[in-house]
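The values are calculated or read from the model by the stated rules, or taken from the named source; none is laboratory data. Bear in mind the structure is a predicted one, so any value in this text is a computation, not a measurement. For neighbour counting, all protein chains shown are included, and Cβ atoms are generated from backbone atoms with ideal geometry for every residue, glycine included.
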Amino acid sequence: MTKAPKRSARAASGSASSAPLPDFVPVALRGRHDGWTPERQTEFIEALAECGCVDAACRRVGLDPSSAYRLRRRVDAQSFRQAWDFALSYAIRRLSDAAFSRAINGVSRPVFYQGEQIGERRHYDERLTMFLLRYRDAPRYGKWLDGMVTTERYDGRAIDLSKMVHRVEEDAYYRDFGQVPRRHEPIRQTHLVMPDELDAMRAHAEARHQAAEQQPAAREEEADWQAYLDTLGPDAGEDRSGGESGGT
């Protein structure tokens, strides 16, 4: 038995494949022009990566599927088995594309009347659509959301849209007057407030309100003190603590 030279899975005779298949060593078999030659093994792997179907890949190389499985079971066919599995993993992308196509475009089903086909209607599989959304857009439709408590307001999207429309209108007026629109901060999504969050927001608002009330009073007190110092003459322009210490 002669050892077959190492060949690349991309180096198929004939058609060129875009599948990024790994290099593998074809199984060394007795020389038969109508059997699993190294060229046919490579062509089979490339065909399997394209279609994802063992029967179709075997038809492509003109051999029986049962012989392909027998070759796969051989002890010395480790590289062939690995390339086979890799090809199926790559072909799953085609299945994903086909599933997306069915979910978006639907599947035509014939309509019969009295034994004759009179037309067809398009069927959309909503379960397939939800499956694709759940696993391909998990942040918005993932299963993890089932255990979450929603905090979104029932009219939150409408409020957010109104804010965005207002920004667009404001920017348009800026441009009409030849001015550069001001930079906007990202809009936080309008959501329901949980009880503990509401208490924290109320405490924060109360603290800001008290600080705002104290600032005008402090400024007014400072102005009154400065006016009093002005009445005492030029030597009285000390700060409050200095004035008090100098009088004792």
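For segment 132-158, filtered to residues that are in contact with a Lys or Arg (Cβ under 7 Å, 6 or more places away or on another chain) and not in a loop (DSSP other than H, G, I, E, B), the residue that is modelled with the highest pLDDT is Arg134.
Based on what the data block shows, is Leu95 touching a residue at least 24 places away in the same chain (Cβ under 8 Å) and not assigned by TED's automatic domain parsing to the domain that holds Thr37? It is false that Leu95 is touching a residue at least 24 places away in the same chain (Cβ under 8 Å) and not assigned by TED's automatic domain parsing to the domain that holds Thr37.
Counting just the residues of segment 36-52 that are touching a helix residue (DSSP H, G or I) at 6+ places or on another chain (Cβ under 8 Å) and outside any helix (DSSP H, G or I), which one comes out surrounded by the fewest Cβ atoms within 10 Å (Cβ to Cβ)? Steps first, please.
We begin by selecting, within segment 36-52, every residue touching a helix residue (DSSP H, G or I) at 6+ places or on another chain (Cβ under 8 Å); these are 36, 40-41, 43-52.
Checking the rest, the ones that are also outside any helix (DSSP H, G or I) come to 36, 52.
Working: Trp36: 21, Gly52: 19.
Per the criteria, the residue is Gly52.
Being modelled with pLDDT under 70 and among the small types (Gly, Ala, Ser) is the filter here, so list the residues in segment 23-39 that pass it. Correct list: Ala28, Gly31.
Only a single criterion out of (1) modelled with pLDDT of 85 or more; (2) over 31 Å from the mean Cα position of the chain (by Cα) is not satisfied by Arg183, namely (2).
Filtering segment 74-95 to residues that are β-branched (Val, Ile, Thr) and assigned to a helix (DSSP H, G or I) leaves only Ile92.
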